[in-house]
1. Determine the share of region 148-187's accessible area contributed by carbon and sulfur atoms, expressed in whole percent, with a 1.4 angstrom probe.
2. Suppose accessible area is computed on protein heavy atoms with a 1.4 Å probe; arrange 160, 18, 115 from highest to lowest.
3. Which shape class applies to region 138-268: rounded if a/c is under 1.5, otherwise prolate when a/b exceeds b/c and oblate if not, where a ≥ b ≥ c are the square roots of the Cα gyration tensor eigenvalues?
4. Find the relative contact order for region 55-141 and round it to a whole percent, using C-alpha pairs within less than 8 Å whose residues are 6+ positions apart.
5. Over the heavy atoms of residue 184, what accessible area does a 1.4 Å probe trace out, to the nearest 10 Å²?
6. Please compute the Kirkwood hydrodynamic radius of the chain from all pairs of different C-alpha atoms, in Å with one decimal.
7. Give me the accessible area per residue for region 101-187, probe 1.4 Å, as a whole number in Å².
8. Positive end of the charge dipole of region 78-211 (Lys, Arg +1 and Asp, Glu -1 on Cβ, about the Cα centre): tell me which of 198, 155, 82 has its Cα farthest that way.
Amino acid sequence: MTTTRLALAFPDGHPGGRFLVIGARGGDDLAPLDMEQTCLRQGNVHDHHVLAGRGFQVMPQVEGRFDGAMVVLPRARAQGRAWIAEAASRLAPGASLWVSGQRTDGVETMLKDLRRLAPVDEVHSKAHGKIFRVILPEGDWLPADWAGRSREIAPGFVTRPGVFSADGIDPGSALLAACLPDRMPTRVIDLGAGWGWLAAQALARPGIEVIHLVEAEHDALESARDNIRDPRARFHWADARDFSLAEPVNGVLMNPPFHDGRTADPRIGTDFIAAAARLLTGAGRLWLVANRHLPYEPALTQHFAQVQEIGGDNRFKVIEATGAGRGAIRRGRH
């Protein structure tokens, strides 16, 4: 979303009354909107903190009624539909619901879908995307399957629209789980825990006294809470890259992301590796799965004394690393 596209929709500034925005990212320009009258729903902890730092009222989940709303479309179609259904549920019939998105995020398809369901006007094209207005009809005008309900995708496991691997168990995580030891360390962190499947596999082995699930996406963490009722589990809505605990742990699991939106960024994974080294005792162990092409070995050898591949296939590699803090960074200081 760009300044010009938002300005086309709101040429006179704030549209009036209490206004809800779902999906705005930390760097989005929201200049036409009145901070005092605007509430942002953002479940990504990084974007949440950036927007709050700019002075907006930001929440991972919203309550109450609004006079108008806007949805900034995400990549996942099901999540975009869920956000539109949520925004519509907060508005009265006749209210304006704006939808903004890039062509690459499916805004053209969403426009066609909504035109079949409700009156649409004020369609503006700019910056490789569109923004348009939906006038909410009376009654239940949206299909029931647009609502962002959790759904069971494996026995005992539910996900919500838009979370990573929402349609089933990630094959990389499955490979990592198969490589875990028969007995786990006592204190474990799952960095980027998603909806909790990997942590559940670790908890099924003996040894764990506490496991910390660290996840930046609020909807994914809520799914993990639904999926893991074990009292040994602790849940943290936090960015794994700057997560900290009072005491170090002796085991870290991770299947780190390597995309920011549509842009591949392996630096996210290297930052996860640095965080794992910081959180582990010297005798602790890191178990990592990654796509085989990702260049994580230099970061691993910088932060760990021993690094070895312990499993994988033609798509993924599973790596175990030990000796946190005794890698090339520390060796270079002596």
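1. Answer for region 148-187 is 52 percent, counting heavy atoms of protein chains only.
2. On the way: 160 55, 18 100, 115 135 Å².
So the residues, ranked largest to smallest area, are 115, 18, 160.
3. On the way: a/c = 1.90, a/b = 1.57, b/c = 1.21.
Prolate, because a/c is 1.5 or more and a/b exceeds b/c.
4. Working: 135 pairs, mean separation 25.4, N = 87.
Here the relative contact order equals 29 percent.
5. Approximately 10 Å² of residue 184 is accessible to the 1.4 Å probe.
6. Details: mean 1/r = 0.0466 Å⁻¹.
In the chain this quantity evaluates to 21.4 Å.
7. Per residue, region 101-187 has an accessible area of 54 Å².
8. The residue sitting farthest along the positive end of the dipole is 82.
The values are calculated or read from the model by the stated rules, or taken from the named source; none is laboratory data. Values in this document were obtained by computation on a predicted structure and should not be read as measured data. FYI the Cβ positions are ideal-geometry reconstructions off the backbone, even for glycines, and counts take in every protein chain you see. Heads up: the accessible areas ignore ligands, DNA and RNA and are worked out on the full protein's heavy atoms, side chains in. Shrake-Rupley method; radii C 1.70, N 1.55, O 1.52, S 1.80 Å.
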